[in-house]
Amino acid sequence: MAFERVPELYAAPNERAELLEKIKDMPSIDLSARQVCDLELLMNGGFAPLTGFLGQADYDGVVENMRLASGALWPIPITLDVSEKVSEGLTLGEQIVLRDPEGVPLAVMDVEEMYTPDKVREAEMIYGANDMAHPAVRYLHNQTGAVYLGGAVTGIDEPVHYDYRQHRYTPNDLRRLFHKWGWRRVVAFQTRNPLHRAHVELTVRAAQQTEANLLIHPVVGMTKPGDVDHFTRVRCYEAVMRHYPDQTTAMALLHLAMRMAGPREALWHALIRKNHGCTHFVVGRDHAGPGKNSQGEDFYGPYDAQEMVNKYADEIGIEMVPFQAMVYVQERAQYVPINEVKDDETKLNISGTELRRRLREGLEIDEWFSYPDVVHELRKTHPPRDKQGFTLFFTGLSGSGKSTIANAVMVKLLETGGRPVTLLDGDLVRKNLSSELTFSKEHRDLNILRIGYVASEITKNGGIAICAPIAPYESTRSQVRDLIEPLGGFLEIHVATSLEVCEGRDRKGLYAKARAGLIKEFTGIDDPYEMPKNAELVLDTAEMSPDEAAHKILLKLESMGLLSARKY
Ligand code: PPS
């Protein structure tokens, strides 16, 4: 008996050659990373019964009551957004090519509809609030184009993924395998985080309860900003897989772009897993939760997602396996669902924040919490502070002493050794990176963002970047901070030597020229310098020598754990 296939949207092999010929005359759209994720799951049947990007009637139905115009349940709008400008170049009824960001043609779409969504309504209905603290609401307002295109899609090729090919399976690949292995009941587990012992305990229990085999089905398309990168996660999953009972469990990667829509997302995840041939689906605590809203409260209740899936249990065609959070009970040396813990028992748990702190500080991570091979993988990409890169970002007036202190610190850091050091001094950058730029606000910002970008790459790769531009604008400095802080250490150092002292020194004679009107837009004379509000250190060279200033910086680095591991 053959396995039951889910319908795919790819052109039949005999039509493909003709289609490739036809696309030469068609207009094209280059898709964003998220659109490529959506297209892949449309084409391979992961989003069945959808046959393309939603037209207006389907979109309205999904937004208002989670149903397509046909009445079928579908909780998340799968739409193709473009800018107004792009939409003006398109004609209703024509066919367009959908390409990946490198220009590879992936599909042809019939442009059946173009419509303007009400984004506020979409945010409120899909995510529960028009609140920019929600990552998908932010995406909707900041990145999503103003016009949606609706129409059927005919697939040409799957998007290419060069990484982890051995773990990538389409819905029909999995259906074929389950059939071949004789897996009649399969319980799927969704995740966007590294897995630890609690997850293994939970999933093994779920499989035992349902008498099913287990599919670990992590999302690698797009998850919540700030999540552990998928390369690290997949290495962790590979390690975890060795801890499951033999022959019971498989792992497949899902190239889904998550929306973090909590209850609606849980329902969506269930439908997607049904399309992948699974019969059961685990929904735990706070499924696909986006974290806190702008009032500091959770967007959704911890078990809202379970309630939502339960409500539609009769029509989703896959059975939910609801789970409470698992905690470690010290007296029993065992994981237990939290509602089964007795009052006098000791619950142990390490939160995500606590785990990150322990990784950052190189502290022990208990074996009851995770497996040594998983922790080893996490440590490789989350080294302790003293092994991470960092940026020293000096800001201050011309002649304030930024370069002198920067050079002194650089030499001291080279003397200590351990990490490569790069100096991005204002003058050097102006010569090598930004020679075409002026001193207008726009160009100064561009100059600082270039420096920030280079420093972020150095920091990400474990080096030390020392930047010493004037950087007169607060918002640009904070953009650089936001770029670098997630990648390593960041220290803003305000060299606060007063204008009078700088002008009095006037080493380069520039202040005199600026006063004489020979140089325009000179910082401090006829151009602004906004005082830093968030500097980690403020130094005034009228009061201290470069050597003293450099030592203060080293002490600060030491106190931030960036220089050496604690020896006490
Ligand atoms: S900015 O605002 O951060 O982009 O400026 P920066 O690239 O750091 O400036 C580098 C040096 O350019 C010289 N210079 C000027 N500075 C300010 N305003 C004007 N109009 C100007 N014209 C030339 C100045 O010597 C800066 O070097 P430092 O090392 O700060 O003295």
Wholly inside the range 297-390, strands (runs of 3 or more DSSP E) that include 1 or more residues that are in the same structural domain as residue 410 (by TED's automatic domain parsing) and among the β-branched types (Val, Ile, Thr) are none
Within the range 185-201, the count of residues that are of a type outside the set (Val, Ile, Thr) and either more than 30 Å from residue 334 (Cβ to Cβ) or part of a strand (DSSP E or B) (or both) comes to 3
Exercise. Quick one: is residue 550 more than 10 Å from the ligand (Cβ to nearest atom), buried (at least 18 other Cβ atoms within 10 Å of the Cβ) and in contact (Cβ under 8 Å) with a residue 12 or more places away in the chain?
Worked result: yes
Those helices (runs of 4 or more DSSP H) completely within the range 491-568 that have 2 or more residues that are under 22 Å from residue 407 (Cβ atoms) and in contact with a helix residue (DSSP H, G or I) (Cβ under 6 Å, 6 or more places away or on another chain) are 546-559
Does any residue of the range 182-196 turn out to be closer than 23 Å to residue 290 by Cβ and without any contact (Cβ under 8 Å) to a residue 60 or more places away in the chain?
yes
So, first residue among the hydroxyl-bearing types (Ser, Thr, Tyr) in the range 78-95, second residue at pLDDT 95 or above, Cβ within less than 6 Å, six or more apart or across chains; the pairs are 79/53; 79/54; 79/148; 83/145; 87/114; 87/147
* To do: Answer yes if at least one residue in the range 557-564 is outside the structural domain of residue 470 (by TED's automatic domain parsing), loosely packed, with under 14 Cβ neighbours inside 10 Å and touching a residue at least 24 places away in the same chain (Cβ under 8 Å), and no otherwise.
  => yes
Of (1) within 15 Å of the ligand (Cβ to nearest atom); (2) under 30 Å from residue 361 (Cβ atoms), residue 561 satisfies every one except (1)
Among residues of the range 449-473 being more than 24 Å from the chain's Cα centre (by Cα) and within 11 Å of the ligand (Cβ to nearest atom), the residue farthest from residue 397 (Cα to Cα) is 467
The helices (runs of 4 or more DSSP H) lying wholly within the range 24-122 that contain at least 1 residues that are within 21 Å of residue 268 (Cβ to Cβ) are 33-43, 56-65, 119-122
How many residues of the range 221-249 are out of contact with any Pro (no Cβ under 9 Å at 6 or more places or on another chain) and part of a loop (DSSP other than H, G, I, E, B)? The answer is 11
Selection from the range 394-445 of residues more than 11 Å from the ligand (Cβ to nearest atom) and either in a helix (DSSP H, G or I) or in contact (Cβ under 8 Å) with a residue 60 or more places away in the chain (or both) yields 405, 407, 408, 409, 410, 411, 412, 413, 414, 415, 416, 432
When restricted to 265, 297, 319, the only residue over 19 Å from residue 124 (Cβ atoms) and modelled with pLDDT of 95 or more is 319
task = Would you mind stating whether residue 389 is more than 16 Å from the ligand (Cβ to nearest atom) and out of contact with any Leu (no Cβ under 9 Å at 6 or more places or on another chain)?
result = no
Taking the range 81-121 and keeping only residues that are under 21 Å from residue 138 (Cβ atoms) and surrounded by fewer than 17 Cβ atoms within 10 Å (Cβ to Cβ), one is left with 83, 84, 101, 116, 118, 119, 120, 121
Only one of (1) loosely packed, with under 14 Cβ neighbours inside 10 Å; (2) farther than 19 Å from residue 266 by Cβ does not apply to residue 335, and that is (1)
By residue number, the members of the range 453-476 that are under 16 Å from residue 429 (Cα atoms) and in contact (Cβ under 8 Å) with a residue 40 or more places away in the chain are 455, 456, 458, 465, 466, 467, 468, 469, 470, 471, 472
Scanning the range 239-284 for residues that are among the polar types (S, T, N, Q) and in contact (Cβ under 8 Å) with a residue 24 or more places away in the chain, the one farthest from residue 66 (Cα to Cα) turns out to be 248
When residue 309 is run through (1) touching a helix residue (DSSP H, G or I) at 6+ places or on another chain (Cβ under 7 Å); (2) in contact (Cβ under 8 Å) with a residue 60 or more places away in the chain; (3) within 22 Å of residue 218 (Cβ to Cβ), the failure sits at (2)
Condition test on residue 482, is it within 11 Å of the ligand (Cβ to nearest atom) and acidic (Asp, Glu)? no
Selection from the range 485-535 of residues over 30 Å from residue 458 (Cα atoms), more than 10 Å from the ligand (Cβ to nearest atom) and of a type in the set (A, V, I, L, M) yields 499, 501, 512, 516, 518
So, first residue assigned by TED's automatic domain parsing to the domain that holds residue 445 and in contact (Cβ under 8 Å) with a residue 24 or more places away in the chain in the range 506-535, second residue among the charged types (D, E, K, R) and outside any loop (DSSP other than H, G, I, E, B), Cβ within less than 6 Å, six or more apart or across chains; the pairs are 511/503; 521/527; 530/474; 535/492
Sole miss for residue 481 among (1) touching a residue at least 12 places away in the same chain (Cβ under 8 Å); (2) over 19 Å from residue 392 (Cβ atoms); (3) not in a loop (DSSP other than H, G, I, E, B) is condition (2)
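The values are calculated or read from the model by the stated rules, or taken from the named source; none is laboratory data. In this text the structure is predicted, and so the values were computed from the model without any measurement. Reconstructed Cβ throughout: ideal geometry from the backbone, glycine too, with neighbour counts over all protein chains shown.
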